[in-house]
Structures are given as structure tokens and as C-alpha cells.
1. Could you please let me know if L181 is assigned to a helix (DSSP H, G or I), in contact with a helix residue (DSSP H, G or I) (Cβ under 7 Å, 6 or more places away or on another chain) and under 19 Å from D65 (Cα atoms)?
2. Those residues that are in contact with a strand residue (DSSP E or B) (Cβ under 8 Å, 6 or more places away or on another chain) and free of Cβ contacts under 8 Å to residues at least 24 places away in the same chain, I need them from segment 117-147; list them, please.
3. Within segment 1-51, work out how many residues are assigned to a loop (DSSP other than H, G, I, E, B) and modelled with pLDDT of 60 or more.
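The values are calculated or read from the model by the stated rules, or taken from the named source; none is laboratory data. All figures in this text were calculated on a predicted structure; none of them were measured in a lab. With ideal geometry, Cβ positions are generated from the backbone for all residues, glycine too; neighbour counts draw on all protein chains shown.
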Amino acid sequence: MAHKILDKIQLPSDRFEMRLSGSGGQGMIFASVVLSKAIGMNSNKSVVQSQSYGPEARGGASKADVVVSDNEIYYPKAMKLDLLLAMTQEALDKYYPDLKENGMLIVDSSLVHNVPDVEHYAFEFTHMARNQIGHIMVANVIALGAIAALTGLVTKEKLTEIVLQHAPRGTEEKNRNAVELGYNEALKAKK
């Protein structure tokens, strides 16, 4: 279930910076690798992915950044975010200051309860993963489906293809359904 609290986001064509953040173990690095590959293989855009997981490997806020540009990317780190995905309250609190004034904020409302008074998208990613897909570990893939629908940076088909290439054997159907669920929920929220 999603809340639409956002009307219109302008996507710049020169450089688009995204941060996928959550708790260590929620698969933000996996998600950023998949997203960067899917965007890079589906377009003529340059894409760079970077990650931070030192002491946050299990628990604590962790992040992975994806920078997309129509031109060559000379600096691979995100400087001012166009999109922030926060899967936990701690991640939102830590990384929200890096979001541009009119940036796109997407939160997992299953785990994030105190959101700044700004336009944002709220999806129950963790709740949907547990109750609709049957496994909490696909919450990150549901979030990727939502990002694809909200930004238009990658098609659902290309994202699904790359997710399935990287998903553990035996989880293909859950991951396919997770992309579909996130994509469809985001389309509903966009209306």
C-alpha cells in the first residue's frame, strides 16, 4: 500500500544521483549493483555505483549510491541527491540532509515513521515483502520496482532481467513478483 504525497519531479538529464539506504543486511548494495547494471545496459547513459558498508555490514545505517549521466561521469560519488530511498528511520535521519530541496524521497513506511514535512512517496516495502511475496529479503527488490516506475530510468523488463541474473537460485519467482509488485504500487501512487 502506498501513499502519494508527491506531484511532480523533474529529472535532470545531465546528472541524476540516487542513494539507496537502510540497515546493513537489507540488500542496499545488491540493489544498487542491480539498478546500475539495468540502467547501464538499457540506455546510452553513463552509470557509476559506489557503496559504504564498513561497520554497518549488519545493523546500522548503510548506503549505496548510483550516479547516472548523459555524459561521462568524472566524479563517481553522490554530492547532492536527486533521489533518496530510506528503508529505515536511522537511514532517513542520517542521509536526508543530502537530498536536494526538490529531490525525490521514497521511504519504507513499515519501518520509517518520522518523515520530514516534505513531499514524498511512502510504501510498506517490508510489509509487502513479508505478506505478499512471502519473504522479507525481497523488500529491496520491491523498492527497485518502485524506483523504476517513479523515475523511468529503466524499464520493468530490463530491471527484472538483471534482478533474475543476480538473484540466488531458487528465488527467481519471488524476485520476479517483487519487481512487479513494486512497479505496480508505484504506478498507482504516481496517478
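1. Considered against the rule, which asks whether it is assigned to a helix (DSSP H, G or I), in contact with a helix residue (DSSP H, G or I) (Cβ under 7 Å, 6 or more places away or on another chain) and under 19 Å from D65 (Cα atoms), L181 comes out as no.
2. Of everything in segment 117-147, just one residue is in contact with a strand residue (DSSP E or B) (Cβ under 8 Å, 6 or more places away or on another chain) and free of Cβ contacts under 8 Å to residues at least 24 places away in the same chain, namely V118.
3. 10
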